[in-house]
1. Any idea how far apart Ile57 and Ala25 come out in nm if each label point goes 7 Å out from Cα toward Cβ?
2. Among Gln54, Val24, Pro94, whose Cα sits farthest toward the positive end of the charge dipole of region 3-144 (+1 at Cβ of Lys/Arg, -1 at Cβ of Asp/Glu, about the Cα centre)?
3. So if I take the centroid of the Cα atoms in region 1-30 and the same for region 104-147, what is the distance between those two points in Å?
4. Which of the pairs Lys19/Lys81; Lys19/Lys80; Lys52/Lys140; Lys52/Lys81; Lys19/Lys140 have their Cα atoms more than 32 Å apart in this structure?
5. Using only the alpha carbons, work out the radius of gyration and Dmax of the chain in angstrom.
6. How large is ³J(HN,Hα) for each residue in region 108-118, as worked out from phi by the Karplus curve 6.51 cos²θ - 1.76 cosθ + 1.60 (θ = phi - 60°), to whole Hz, x for Gly and Pro?
7. What order do you get for Ile57, Ile75, Ile85 when you list them from fewest to most C-beta neighbours inside 10 Å?
8. Size of the dipole of the chain about the Cα centre, Lys and Arg at +1 and Asp and Glu at -1 on the beta carbon, nothing else charged, in debye to 20?
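Read-outs: derived from the displayed coordinates by stated rules, not from any lab. No experiment lies behind these values; they were computed from the predicted model shown. Glycine gets a Cβ as well: all are built from the backbone with ideal geometry, and neighbour counts include every protein chain shown.
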Amino acid sequence: MTTVQVVAHCLVDPLARLKGLRPVAFTPEGPVIQLLCPEAGGLGLDRWAVTKNQIDIPSYRRYCREIFGHHADLIEQFAKKGYEIEVVGVEGSPSCGVRSTTSGYTGGKIRHQDHDHVAGMGVFMEEVAKELDRRGVTFKLAETKLE
Ligand code: SF4
């Protein structure tokens, strides 16, 4: 069966990643749908690092739903044609983590702050999964490990 991989944007466009982070190694295994990068689009290319608790707010979730909507329209059609759907996120991302995300920054003036890698999904992937569930699309989830 053909698998359509629905991948986090930076897996095929490392320019969107947070400055200073290395590109994630990813090799497509077949047809690929590249999602938009919610952090580059919503916070810009000069953004600071954030943790999930900072972006887990209604407006960011709404933005995530908005930028996923058109991709979801296409994914739903592929699923109805019988293609397998695999959503591929990025380990430890506050937006695109699938099995792991981050927590801990509290904002305020720029200073050193600790943060933790914790179990759970990022905000964007939570909205992606909810929307695919709502549409009755069966999908697998995978997470690409950081180098
Ligand atoms: S993990 Fe997601 S939010 Fe972070 S750079 Fe990649 S696509 Fe953007």
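1. Placing both labels 7 Å along Cα→Cβ, they lie 3.8 nm apart.
2. Among Gln54, Val24, Pro94, the one farthest towards the positive end of the dipole of region 3-144 is Gln54.
3. After rounding, the separation between the Cα centres reads 15 Å.
4. The answer is Lys19/Lys81; Lys19/Lys80; Lys52/Lys81.
5. According to the Cα coordinates of the chain, Rg and Dmax are 15.1, 52 Å.
6. Result, ordered by residue: x, 5, 4, 7, 5, 9, 7, 9, 10, 8, 10 Hz.
7. Least crowded to most crowded, the residues run Ile57, Ile85, Ile75.
8. For this selection, approximately 260 debye.
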